[in-house]
Structures are given as C-alpha cells and as structure tokens.
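A quick write-up on the structure given underneath.
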Amino acid sequence: MSSTPAPPTRTSGSRGRQRSSLLGALGWFAASYGFAVVGSLGVNAIASRWLGVDGFGYFIIATTVSVGIGQLALLGVHRAGLRDAATMEAGADPDTVLRDLRSAARGAIMVSLPAFSLVAASILYVVLTGVSGSDRVLLAVVFGVLVFLAGLQKLWASYLRGMGVVRLAGLLEGRSGGALVVLAQAVALALAWWLLEPTGLTGALVAVSIGYLVPVLALGAVVQRRWRHVDRGAGAVVALGRAVRRSWRFAVNQFASYLGGIVEIWMAGLLLSALDTSLFSSAQRLALLIVVPLIALQIVFAPICARLLHQGETQQLERVLRTGATLAALCTLVFWLPTLVAPGPVLSVVFGEPFAAAATVLVVLSLGNAVNVLTGLSGAALTMSHREGAAATVQVATLVLRIVVGTAAALVWGLMGLAVSSAALSTLSFAVMWWQARRLVGVSTHITLRPDLRLLRSTKG
C-alpha cells in the first residue's frame, strides 16, 4: 500500500476543518496536560495539609476508586468510540460513525453509569459502619456523584480526541480530569478548607465533585452538538448492549490498567497503618509524574494509531511511535531527576514535612515507572489495532500478581515490601506489552537514537 496519506476529507463529523499536525496537537496537549499536573499537585497539596497524614491516604483512596469505577462503568464505550471516531478521516462514513457514537454514549449515560454509581454509593454506605447519621448518607451520595462525573469526563474526553477536537479534548484530559477540572477542584478545595474545615474528608470530596461539574457538562454539550443531525438509534439498553459487544475488551483492559496503577494504595489501606497508607499514597502520586509525558503521548497518539493502522501504514506508525517514545523519555528526565536526587525535600514541598519519610518508597516506585517510558506506546499500538484482548490479558494477569505478591510482601516486609513488589511487577508488565506489540502488530515502540521530528509535523493530529 502506498505510504502517501489520503487527502483530508470534509465531513459533517469534522465540520470541514482539517486537523492540526501531530506536533501541533502534542504541543497544545503538553501545555494543557502540564497545567493539569501542576493543578493535580495543588489539589493533593491542599488535601494533605487539610486532612494530615491520618486522613490523606483515605482521600486518595476515595478519589481513585471513584475514577476507577466511573471508567469501568463506561464498559469500554469511550475507548472504542475514540478509535471509531478517528477512522472518519480514513474512509469511514461519518454519519454512520456519529450515529453509533451517539447511541453508545446514550446507553452509557442512561444505563451503566447511573447503575454503577448507585451500586458504588450503596456499598460505601454499608461499609461505613463507623460513621453515623447524616455524614454517612452524605459520603455515600457524594461518592456516587463522583463516580458518575468521573465516567462522563472519560467519555467526553475520548470522544473529543477521536473527533479531532484536540484543543478542547486536551483541557479535559490528564491528571484528576484535566486542566479545567483541576483548576475548579483546587479552588473548591481551598474554599472548603477555609470555610468548612471541620467537615474533613466529607467536605473535601464534596469540593472535588463540584470541581468536575461545570467543565464536564460544558464539554459534553460540545460533543452532542456534533451529532445532533443524526438520529438517536435504538433504546438506551439495546444501544448499550450493542456497544458492549464491541467494546468489552476495552473495558477489561482499561480497568485492569487503571487498577494496576493504584491497587497498591487500596492494599495499603487494608493491610498497613493510616500513616503508612498516607506515605505510600504520597510517594505513588509523585512517582506517577515519571510517566506523565508518556501518558500524554498515548492520549494524543491513540487516534493516529487507529488511522494509520486502518490505512495499513505500519512502518510509518512505528517511526511515529518510536519518535514519540524518545520525546517522552527526554521529558521524563525533568520529572525524574529531582525524585532521585532529593526525594525527601520534594515530598516535603508538595505534601508537607511529615511526608518526607516516604523518600525511599518514592525512589523505588519511580524506577519501576521509568521502564514504562523506555518501552514506549505499546498499549496504544495494541488497543488501536483491535488487539485490545491481548493488552487486557497482560493487564489482568499483572493485576492478579500485584494483589497476590503485593499482599504477601506487605504482610512480611511492610511499606517497603509493597513498594518493591509494585516496581518489579510494573517492569514485568511493560516489557510483556512491548513484546506483544512487536509480535501481534508488527511494530516496535521503544525509544530510538534517531527520532524524526519532521514526521510529527507531517502527520495529522
């Protein structure tokens, strides 16, 4: 097949606008994602000082669990939608794609998201036996709202990215829901701490949910305007069933991948003291900065993967992915070096002096995440090539190992045992994903000594 890309198509789905270059899309996303990272650190800094070492770990558990359940509640609709939307400029009929996107979103919003939110809130209410009265009810309700809004954030961000609305998508992607969300959350948290300090964890979670509300609803309206000319299709339950048959592997892969990044925090909450839970949570939050550049690239490169694979351009895709991995590795050094040189002071600046005790844990976790950057965007290559089942298998197997090995390590060696287990299994998972991308898709995704920046300028974002 020829390597000459097809000319851009003017469609109702794209409103006749050409996409910016991959480099332009990456530049915009890097700026918005960087703001989201800083904002996320601000949210954590406010929460850690408000709740202290006794309560901060449980704040992290509550927020990460809500995001995980919200993502699972979409049943893979958001990632399948991103892939399908990205094929409109590669020859797929735009109105058909938009009709399918609208139908799948309607099923998720009207059926699966409310159902998962209600179940999550009910379970939390039952679990909170030590909390009585209105606080128990309020915590359960707020948690259910967080699940619903977190799911909506993932859905609209993925749809916008697939449709090529990269600037708006970039504002809704990243740590804690993207730049717009974290800004609203930081302001809401600061006000709640000032005005409602005695409310503690309940007040903090209410502030986080308020931070989601306006950005998610506003950008959801943008997405819905793009498909208002097509019919809604089948009923919500039928539409969701059809969508799930196409996207359930995405759901498994996404949820297992997400759990792989934070399940040790939940395990710390169950197996370790409140102090150790907070220390592990703070170190894990900072260690994630190591993979921020790669996560940013994966979000931007996913639709490009889908489009190039749809066109059979595997050689060009490999060059794009390896160049991207190299850029991510260079950017990673900016985040990684401070955690290696002065982990204690970094933790103190972000979370407060008591959290400096997690310095060694931070170094260990960051070493494991660095391997992810070196192996590159293997996950995007697999999921966008309809090999999401292989990616899901790796993620689920690694998740099981994390729970089994991590539990044993935490019980025997405590905080440090859990950290070493997490880092070792992260390294294993990333290596296997790289091998699977090479075997099944035919592309290598690791860094290269000869990155081609010109290719990023010539590839549509």
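The values are calculated or read from the model by the stated rules, or taken from the named source; none is laboratory data. As the structure is a prediction and not an experimental result, all values here were calculated from the model. Because the Cβ atoms are built from the backbone with ideal geometry, glycine has one as well, and the counts that use them run over all protein chains shown. Quick note on the areas: whole protein, heavy atoms, side chains included, nothing else; ligands and nucleic acids left out. Shrake-Rupley method; radii C 1.70, N 1.55, O 1.52, S 1.80 Å.
Results for (1) open to solvent by less than 10 Å² (accessible area, probe 1.4 Å); (2) over 25 Å from Asp276 (Cα atoms); (3) at pLDDT below 90; (4) touching a Ser or Thr at 6+ places or on another chain (Cβ under 6 Å), shown as yes or no for each residue.
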{"residue": "Val373", "(1), (2), (3), (4)": "yes, yes, yes, yes"}
{"residue": "Leu382", "(1), (2), (3), (4)": "yes, yes, yes, no"}
{"residue": "Ala390", "(1), (2), (3), (4)": "no, yes, yes, no"}
{"residue": "Thr393", "(1), (2), (3), (4)": "no, yes, yes, no"}
{"residue": "Val396", "(1), (2), (3), (4)": "no, yes, yes, no"}
{"residue": "Leu401", "(1), (2), (3), (4)": "no, no, no, no"}
{"residue": "Ala424", "(1), (2), (3), (4)": "no, no, no, no"}
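Within region 231-240, if we keep just the residues that are open to solvent by 30 Å² or more (accessible area, probe 1.4 Å) and at pLDDT 75 or above, the residue that is farthest from the chain's Cα centre (by Cα) turns out to be Asp231. Evaluated against (1) farther than 27 Å from Asp93 by Cβ; (2) at pLDDT below 80; (3) out of contact with any Lys or Arg (no Cβ under 6 Å at 6 or more places or on another chain); (4) of a type outside the set (Lys, Arg), Leu128 falls short on exactly one condition, (3). Among residues of region 398-423 that are on the phi > 0 side of the Ramachandran plot, those with a beta-carbon under 7 Å from a residue that is surrounded by fewer than 22 Cβ atoms within 10 Å (Cβ to Cβ) and not polar (S, T, N, Q) at least six positions away or on a different chain give the pairs Gly414/Leu272.
For region 341-371, the set of residues classified as open to solvent by 70 Å² or more (accessible area, probe 1.4 Å) and over 14 Å from Leu288 (Cβ atoms) consists of Val341, Pro345, Val349, Glu353, Pro354, Ala357, Thr360, listed by residue number.
Within region 197-211, does at least one residue satisfy the condition of being surrounded by 13 or more Cβ atoms within 10 Å (Cβ to Cβ) and not in a helix (DSSP H, G or I)? No: zero hits. When the residues of region 85-115 are filtered to those that are touching a Phe, Trp or Tyr at 6+ places or on another chain (Cβ under 8 Å) and hydrophobic (A, V, I, L, M, F, W, C), the one that is modelled with the highest pLDDT is Leu113. When Gly220 is tested against (1) more than 30 Å from Asn369 (Cβ to Cβ); (2) open to solvent by 40 Å² or more (accessible area, probe 1.4 Å); (3) under 21 Å from the mean Cα position of the chain (by Cα), just one condition goes unmet, and that condition is (2).
The criterion of being part of a helix (DSSP H, G or I) and touching a helix residue (DSSP H, G or I) at 6+ places or on another chain (Cβ under 8 Å) holds for Gln298.
Mind checking whether some residue in region 290-312 is of a type in the set (Lys, Arg) and open to solvent by less than 30 Å² (accessible area, probe 1.4 Å)? Give the steps one after another, and end with the answer.
The initial filter retains those residues of region 290-312 that are of a type in the set (Lys, Arg), namely 307.
Checking which are open to solvent by less than 30 Å² (accessible area, probe 1.4 Å) leaves us with 307.
Yes - at least one qualifying residue is present in region 290-312.
Checking each residue in region 177-196 for being in contact (Cβ under 8 Å) with a residue 40 or more places away in the chain, aliphatic (A, V, I, L, M) and open to solvent by 20 Å² or more (accessible area, probe 1.4 Å) picks out Leu183, Ala186, Ala190. Within region 246-262, not a single residue is free of Cβ contacts under 8 Å to residues at least 12 places away in the same chain and either open to solvent by 40 Å² or more (accessible area, probe 1.4 Å) or closer than 24 Å to Arg83 by Cβ (or both). A single entry from Trp413, Trp435 fulfils the requirement of being open to solvent by 50 Å² or more (accessible area, probe 1.4 Å) and farther than 15 Å from Leu374 by Cα: Trp413.
Do we have Trp248 as modelled with pLDDT under 80 and more than 15 Å from Ala419 (Cα to Cα) here? The answer is yes for Trp248.
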